[in-house]
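Undergrad: My questions will all concern the structure given below.
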Amino acid sequence: MAKIIDGKKISSEIREEVRETIEKQGLSVTLAVILVGDDPASRVYVGNKKKACEYCGIRSLTFELKADTTEQSLLELIRRLNEDSSVNGILVQLPLPPQIHTESVIEAIDPKKDVDGFSRASVGALSIGAKGFVSCTPAGVIQLLKRSGIEMEGKECVIIGRSNIVGKPMAMLMLRENATVTVAHSRTKELKSVCKRADILIVAVGKPRMVNHEYVKEGAVVIDVGIHRLDPSENNGKTLCGDVDFEDVESHASFITPVPGGVGPMTIAMLMKNVLESAMEGGNAL
Ligand code: NAD
């Protein structure tokens, strides 16, 4: 039976480390969060980020803009926050309404304050191994592996998914850890046999419970990035599941992350860590 990687515990350790550093060093740290429109899921995410900031001793400034906000006025707000030296990190909650061009908004954030790590400068820095902010979810996966004592160097790592926010940065980070990396995607042939090569299988495919034991080598480490809402009345009271069929894979893996309580809680913890780093280094200069 696989050991469960406890993302709740590891994420609270990280939040605690951030809190202690801020307290001990008497740092003044500020994160600006911008929410446009009233998407209920986005509101929950922003609320959770606010709570995490409060816990860590990070001041959070929330800007709630109407759904019909123009791109111009959003860019103007970002420009002001870029210039405000008391603001260490700027986060624009995605998705944005259709009249706003997401990429222009991300590119408007000063790379020194891009704590989500989505800008071209941050992604470019990651791919050449330079300093810069790393997208929080893949950075969280690396922490889960390291803090569970899982060796990455020389290991075969297969990542399913090549999105800009998970799959691609995940591949860069695993390369940085000296793993041998394969990125599989929707056009990959013989997906099961590709996945079966993996010592470490990272699943970010966005399909509920797609990966079963047929994709997993005996004794592999399985990291499930997926999150899907379930109807509890049809799922034995469960409200969430991942991209991995946990019950089916558990007996084949050596380590596995559950959903909920695996990768999910790491994202906000790594955001807190990025904001702290920005404050400590006066911007994680590229
Ligand atoms: P995405 O939809 O942008 O990308 C999915 C990727 O999977 C694509 O690259 C696609 O090529 C690949 N794919 C799709 N179908 C496939 C198939 N049948 N076989 C092989 N590859 C296939 O998704 P994303 O934003 O990368 O997110 C992936 C999952 O992670 C989602 O479930 C999402 O909810 C979750 N997620 C979780 C967190 C978190 O905080 N834990 C953060 C971001 C995303």
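Every read-out reported here was derived from the displayed coordinates using simple, explicitly stated rules and does not represent laboratory data. Computed from a prediction, not measured in an experiment: that's the story for all the values here. All Cβ positions, glycine included, derive from the backbone under ideal geometry; neighbour counts span all protein chains shown.
Undergrad: If you line up the long axis of helix 7-25 against the longest principal axis of the chain, both from Cα atoms, how many degrees apart are they, to the nearest 10?
TA: Computed tilt is about 30 degrees.
Undergrad: Taking the DSSP beta bridges in the chain as the whole, what percent of them are antiparallel, to the nearest 5?
TA: DSSP beta bridges in the chain are roughly 5 percent antiparallel.
Undergrad: Would you mind checking the radius of gyration and Dmax of the stretch 136-260 based on alpha-carbon positions, in Å?
TA: So, for the stretch 136-260, Rg and Dmax equal 13.7, 44 Å respectively.
Undergrad: Please work out how much length the chain gains when fully extended from Thr62 to Met1, using 0.36 nm per residue of separation minus the C-alpha to C-alpha distance, in nm with one decimal. Display every interim value, and only then the final one.
TA: On the way: separation 61, 0.36 × 61 = 21.96 nm, distance 4.40 nm.
So the chain would gain 17.6 nm between Thr62 and Met1.
Undergrad: Angle, helix 71-83 long axis vs. longest principal axis of the chain, Cα atoms, 0 to 90°, nearest 10?
TA: 80
Undergrad: For Ser193 and Gln72 in one chain, what is 0.36 nm times their gap in residues minus the Cα-Cα distance, to one decimal in nm?
TA: Length gained, Ser193 through Gln72: 38.7 nm.
Undergrad: Tell me, Kirkwood radius of the chain from alpha-carbon pair distances, in Å? Walk me through the intermediate numbers first.
TA: On the way: mean 1/r = 0.0510 Å⁻¹.
19.6 Å is the Kirkwood radius here.
Undergrad: Using a Cα distance threshold of under 28 Å, what count of lysine pairs results for the stretch 136-260 when pairs must be 8 or more residues apart or interchain?
TA: Lysine pair count for the stretch 136-260: 27.
Undergrad: If the stretch 48-113 were replaced by its equivalent ellipsoid, with semi-axes equal to the square roots of 5 times the Cα gyration tensor eigenvalues, what would those be, largest first, whole Å?
TA: 21, 15, 10
Undergrad: Additional query: List Asp248, Asp199 from most exposed to least, where exposure is judged by having the fewest other Cβ atoms within 10 Å.
TA: Working: Asp248 15, Asp199 19.
Lowest count first: Asp248, Asp199.
Undergrad: Under 16 Å Cα to Cα from Lys3, which aspartates and glutamates show up? Leave out anything in the same chain fewer than 8 places away.
TA: Qualifying aspartates and glutamates at Cα under 16 Å: Glu151, Asp199, Glu218, Asp224, Asp245, Glu247, Asp248, Glu250.
Undergrad: Cα axis of helix 136-147 to longest principal axis of the chain: angle in degrees, 0 to 90, nearest 10?
TA: 50
Undergrad: Round to the nearest 0.05 the FRET efficiency obtained for Asn236 and His185 when R0 = 25 Å and r is the Cβ-Cβ distance.
TA: Calculated transfer efficiency: 0.20.
Undergrad: Can you compute the modelled spin-label distance between Val44 and Glu214, with each label point 7 Å from Cα toward Cβ, in nm?
TA: Taking the simple label geometry, Val44 and Glu214 are separated by 3.2 nm.
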